[in-house]
Amino acid sequence: MSRELPTAFAIGEALRIALAGDPDVILMGEDVAGGGTRPAGTDEAGGILGATRGLIKEFGPERILDTPISEMALLGAAVGAAATGMRPVVELMFMDFLGVCFDPLLNQAAKFRYMFGGKARLPLTVRTVTGAGMHAAAQHSQSLYWITSGIPGLKTVIPSNAGDAKGLLLSAIRCDDPVIFCEPKQILFLSSEVPEGDYEIPIGKANLVRQGGDVSLVGMGATVNIALQAASQLAQEGIQADVLDLRSLQPLDEEAILTTLGKTGRLIVIDEATPRCGIASDVAALCVDKGFDLLNAPVKRVTAPFSPVPFSRVLEEAYLPTPQKVIDAVHELF
Amino acid sequence: MQLTYERVLGAYRTMRMIRSFEEKLVELVNLGKMSGFLHVYLGEEAVAAGVCAQLGEHDYVASTHRGHGHAIAKGVDVRGMMAELFGRRTGTCKGKGGSMHIADIDKGMLGANGIVGAGIPLATGAALTAKLKKTGGVAVAFFGDGASNQGAFHESLNLASIWKLPAVYVVENNGWGEFTPTDYVVPVKDIAERARSYAMPALIADGMDFFDVFAKAGEAIARARSGGGPTLLECKTYRFAGHYVGDALAYRPKDEAEKWMTERDPLRGFAERVLSDGLLNQDDLQRVDGEVSRHIEDAVKAAEAAPFPDASEVTTDVYADSHRRG
């Protein structure tokens, strides 16, 4: 019997399963409990999304740890706890806040294993909300996964729907490496099918979500839905698209990208982030470097422009990739 | 903790090992046999020795760029450290870390650290593990006066205080942050004062005196172990050498260093005290000096003879790629 849940609920379900199955798993973050730390009465906030609501009652304040608004201590202590035997899941409210707590990820978590000659294990998950689409403006809307994806030692994943969010988060938590788990705003309150029970989606494997032989649309997070919408409109004009959901940005499933390119000879990558030094550029470089003989047309990137994320609804719509922008890019290839 | 004959002898061995190890490093760098960024702990030996003498295997320390002393005092194998500094495969970190990243988590050493202040939240996290897993362990963050200006210091003390973590924050105030005098960058007379903002007890120790550090650290460690929460322990000490090996020291008055070295050398002070108190005799000290000297020479020989890592190892150990079953 299938059931649909919003992504935020699916995330909560994954957290509950991980906490119940492993006493080393702890949650740390701002407002993950909220008012739930009071001895009696008030209800818990459950984080900015409500994804952790109910967990403090079930697992207690020793495992659902509300922190001060103090991201350096939050991330740094989580890294120290992970190195010494815990399996922390941090909620970094918005990925934009990386700016005040980058060192524990960049120079500590990412490098311990390597610097220490393989004698460290960093089972750390950082859940963080990414992307635009809620009129949250320049400091609460960025897609900064290109930064973490470019740091050896970190893994970065981004689900495109509720069911994937649950399975990818369970994989991330059980992974012995530090994983950045991106939660794109535009899918958090969209519902989709979420299987019951405990299941994992492997990190490093892309997912071909639509089959078509004429063009490959490669998306990640919220841009997978944009690619799917573009694909159904393209089908009406007789162009059949493969849609590949990357799911994992580091490691990148190069084989899956080259396989779809080999099938269609035309590839468009759709990325909500800014265009420089990003995932879209990486995918394009891969196609040229290892897939040159497969190409029948230039690789196209549909990304945000090179600007901060604007506030006004009109500007934000202009900023984000849309199905029409994808269709326009496809038309350039035929 | 009682200062038994074995503990006193062990403390002297630790301090002598740190001193001889680092004097050897300086010699090797000057001979062109060793490379990299090295920051030596000469002059500050009593701090690491006094604190770590009271730590066990279940206790953690997080260290700094000036980390050799903490590693030795926490029991990291000196032969492995020497090999690491020579960039050899047999090194503590297989030649991948070097001086600023010597770590041995199995020994409770969470790493030297190239980022000023970065070890402070790490130790805070190790203290959280100790509290949640009820190991009875404590975590010690060593850091300098300079790091007490970092946000990581202030955020960590706040967090440790609200969670009553079993942590000890040991600030080694050696008077100089890189090339700048501490009193220029720190507005309070004692860094210990900063604990008050976090409702945390603070202690000040004479960092050149092993016995004073031992006593004050003992109080802080006992408080942490018994659930009494964290302490900020300021150890007033002095960096005999420059910020890094090769530092021309043009910024520091020569007579300042000479005064500390002639009047306050922690090893000489320790020897005088143990001899006058009858805790050790001259034979004990000479025996340790000889053992340490031979150990260092052997470590250098073994390191020089050891193989370099294979070039193929440049991309190993980036990820564990392992997974706990759900």
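So here's what we get for this one:
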quantity	calculated
FRET efficiency, 1/(1 + (r/R0)^6) with R0 25 Å, evaluated for B:Thr180 and A:Thr37 via beta carbons	0.05
Shielding by partners, peptide A:173-186 (average Cβ within 10 angstrom, other chains)	2
Under 24 Å, Cα to Cα: Lys pairs in segment B:1-152, sequence gap 8 or more or different chains	18
Proximal lysines relative to B:Lys236, as straight alpha-carbon distance under 20 Å, when same-chain residues fewer than 8 apart are discounted	B:Lys189, B:Lys216, B:Lys254, B:Lys259
Cleavage-rule hits (trypsin sites (Lys or Arg not before Pro)) in segment A:238-308: DSSP loop, at most 16 neighbouring Cβ within 10 angstrom	A:Arg276
Positive-end residue, the protein assembly as shown charge dipole about Cα centroid, Cβ charges, pick of A:Leu261, A:Leu92, A:Thr322	A:Leu92
Label-point separation in nm, A:Arg3 to A:Asp293, each point 7 Å along Cα→Cβ	5.1 nm
Highest-first arrangement of B:135-143, A:60-68, where packing means the average Cβ count within 10 Å	B:135-143, A:60-68
A:Ala20-B:Asp298 FRET efficiency (beta carbon distance; Förster radius 45 Å; 0.05 resolution)	0.30
For segment B:153-170, 3J(HN,Hα) per residue [Karplus equation, 6.51 cos²θ - 1.76 cosθ + 1.60, θ = phi - 60°, Hz, x = Gly/Pro]	5, 5, 5, 5, 5, 4, 5, 4, 6, 5, 9, 6, 7, x, 10, 10, 9, 9
B:Asp321-B:Leu31 pseudo-label distance in nm [points 7 Å out on the Cα-to-Cβ vector]	4.1 nm
Simple spin-label estimate for B:Lys254 and A:Val314 in nanometres, 7 Å along Cα-Cβ	7.3 nm
Chain lengthening between A:Gln324 and A:Arg276 when straightened (0.36 nm per residue, less Cα-Cα)	15.1 nm
Candidate lysines - alpha carbon under 19 Å from A:Lys300, same-chain residues fewer than 8 apart omitted	A:Lys263, A:Lys290, A:Lys325
Value at 222 nm in deg cm²/dmol, rounded to 500, when DSSP H runs of n ≥ 4 in the protein assembly as shown each add -39,500 (n - 2.57)	-11500 deg cm²/dmol
Residues B:Tyr244, B:Tyr184 arranged by fewest to most Cβ contacts within 10 Å	B:Tyr184, B:Tyr244
Charge dipole (debye, nearest 20) of segment B:238-301; +1 at Cβ of Lys and Arg, -1 at Cβ of Asp and Glu	240 debye
Overall form of chain B per C-alpha gyration tensor (a/c, 1.5; a/b vs b/c)	rounded
Farthest positive-ward along segment A:2-195 dipole, Cα basis, beta-carbon charges - from A:Gly12, A:Tyr145, A:Met134	A:Tyr145
Shielding score for B:125-137, defined as the mean number of other chain Cβ atoms within 10 Å	6
Cα gyration tensor shape for segment A:2-195, rounded if a/c is under 1.5, else prolate or oblate	rounded
Residue-wise HN-Hα coupling along segment B:124-141, computed from phi with Karplus coefficients 6.51, -1.76, 1.60 (Hz; x: Gly, Pro)	4, x, 5, 5, 4, 4, 4, 5, 5, 8, 6, 7, x, x, 10, 10, 10, 9
Residues in segment A:318-334 reached by a label modelled at A:Glu237 [backbone nitrogen below 18 Å; 7 Å Cα→Cβ]	A:322-334
Extension reserve of the B:Glu313-B:Asp77 stretch, reckoned as 0.36 nm per residue once the Cα distance is removed	82.7 nm
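All of the numbers you see were taken from the coordinates with simple rules; none came from a lab. Predicted model, so just to flag it, every value in this text is computed and none were measured. Every residue, glycine as well, gets a Cβ built from its backbone with ideal geometry; the counts of neighbours run over all protein chains shown.
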